[in-house]
Amino acid sequence: MVYGRPTDASAWTRLSYASGPCAPGGVRAGHAPHHTDKAIVAVGSRAARPVVAKLLATADPYWVARHAHELQVYDRFSTEPPPVRAPLLLWHDERLTVLNHVPGDRFDDRRHLTAEPAAERVQRLLDGRKPAG
């Protein structure tokens, strides 16, 4: 996990601009715990509440479509809540997504699991306990 400003200065500038005090999303960006050439994820605040801001940093059609799909999933959560606590979509536009910050521990260090997780680990998550291991 990388903390601090992303190495891509232009992407950080876009996020900072998109998340300034007068920005449509109303987010003040803090540190960026995750960034790639495709997206920046920043932890910050909106109306004095902790949020996560995700900026799509590419115009690649594949990632633009993934962003649209992610928005559809968050929208569906509003009518069909998942069985575990999930972020709420607070605001979005074509590049910036603002979610409430959900405190807790990561289920896994990998974004995409390549194998089925241990049943005990899944049960701990569903029970609201910290994942072991």
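Which of the residues belonging to region 7-35 are surrounded by 14 or more Cβ atoms within 10 Å (Cβ to Cβ) and either hydroxyl-bearing (Ser, Thr, Tyr) or modelled with pLDDT of 60 or more (or both)?
Of everything in region 7-35, those that are surrounded by 14 or more Cβ atoms within 10 Å (Cβ to Cβ) and either hydroxyl-bearing (Ser, Thr, Tyr) or modelled with pLDDT of 60 or more (or both) turn out to be Ser16, Ser19, Gly25, Gly26, Val27, Arg28, Ala29, Gly30, Ala32, Pro33, His34, His35.
To keep it simple, each residue is scored yes or no on (1) without any contact (Cβ under 8 Å) to a residue 12 or more places away in the chain; (2) surrounded by 11 or more Cβ atoms within 10 Å (Cβ to Cβ).
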position	(1), (2)
Lys54	no, yes
Ala59	yes, no
Trp63	no, yes
Arg66	yes, yes
Pro87	no, yes
Arg95	no, yes
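Hey, can you tell me all the residues within region 85-133 that are at pLDDT 80 or above, assigned to a loop (DSSP other than H, G, I, E, B) and of a type in the set (A, V, I, L, M)?
Ala86, Leu88, Val102, Ala115, Ala118 - these are the residues of region 85-133 that are at pLDDT 80 or above, assigned to a loop (DSSP other than H, G, I, E, B) and of a type in the set (A, V, I, L, M).
For region 90-110, does any single residue satisfy the condition of being aliphatic (A, V, I, L, M) and out of contact with any strand residue (DSSP E or B) (no Cβ under 9 Å at 6 or more places or on another chain)?
no
The values are calculated or read from the model by the stated rules, or taken from the named source; none is laboratory data. Note that the coordinates shown come from a computational prediction; the quantities given were computed from them, not determined experimentally. Cβ sites come from the backbone with ideal geometry, for glycine too, and all protein chains shown count toward neighbours.
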